[in-house]
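Note sheet for the following structure.
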Amino acid sequence: MIGSCGSKRYVGGIDEMVFSHRNSQEGRAVTNQTESDGGWDNELVPELIGRSAQPHHECPVEVALEAVKGRWTTLVLRDLMHGDRTYGALSQGLPKLSDKVLVDVLAHLRKNGLVCRTIVRGFPNRTLYGLTADGWKLRPLLVELYRTGERLRQCS
């Protein structure tokens, strides 16, 4: 069962979930990522900036996490993944989200290059919000985060 939720063992009559690192099960020494042992996963950490011993504001992972942080951000991204939306449609789709927070989330996403705003001329003018190419690239990540969250909920 290791690899899904872990394996169960009984300690003092109490169920306890045991999680273990796959590498330690294989008998290899597990090294901390802060050590430069040449054993880096180049797909996971292709550049030196990602091999830091502490979080760094220029690390690409930290930059991406900063861009999508916030309680409502992923929900706004999810709604925009159905296509461009007006402010009113976004607001209507997330009725518990206040106008101030929606404005802040959209500004944050625009600042980070994930959402663009287009003014459609007419009477009255309409403002459409849509995902940029980088915003669309988050879709598979959000899908996998959702699936992982479902599995984690089942484990708890």
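Here's the yes/no breakdown for (1) at negative phi; (2) assigned to a loop (DSSP other than H, G, I, E, B); (3) open to solvent by less than 80 Å² (accessible area, probe 1.4 Å):
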position: E62; (1), (2), (3): yes, no, yes
position: A67; (1), (2), (3): yes, no, yes
position: H82; (1), (2), (3): yes, yes, no
position: L97; (1), (2), (3): yes, yes, yes
position: D104; (1), (2), (3): yes, no, yes
position: A107; (1), (2), (3): yes, no, yes
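Scanning the stretch 118-139 for residues that are basic (K, R) and either in contact with a helix residue (DSSP H, G or I) (Cβ under 6 Å, 6 or more places away or on another chain) or open to solvent by less than 70 Å² (accessible area, probe 1.4 Å) (or both) turns up nothing.
The values are calculated or read from the model by the stated rules, or taken from the named source; none is laboratory data. If you're wondering where the values come from, they're calculated on a predicted model, not measured in any experiment. A quick note on method: Cβ atoms are made from the backbone with ideal geometry, for glycine too, and the neighbour counts reach across all protein chains shown. When the accessible area is computed, the model is the full protein with side chains, heavy atoms only, and any ligands, DNA or RNA have been set aside. Shrake-Rupley method; radii C 1.70, N 1.55, O 1.52, S 1.80 Å.
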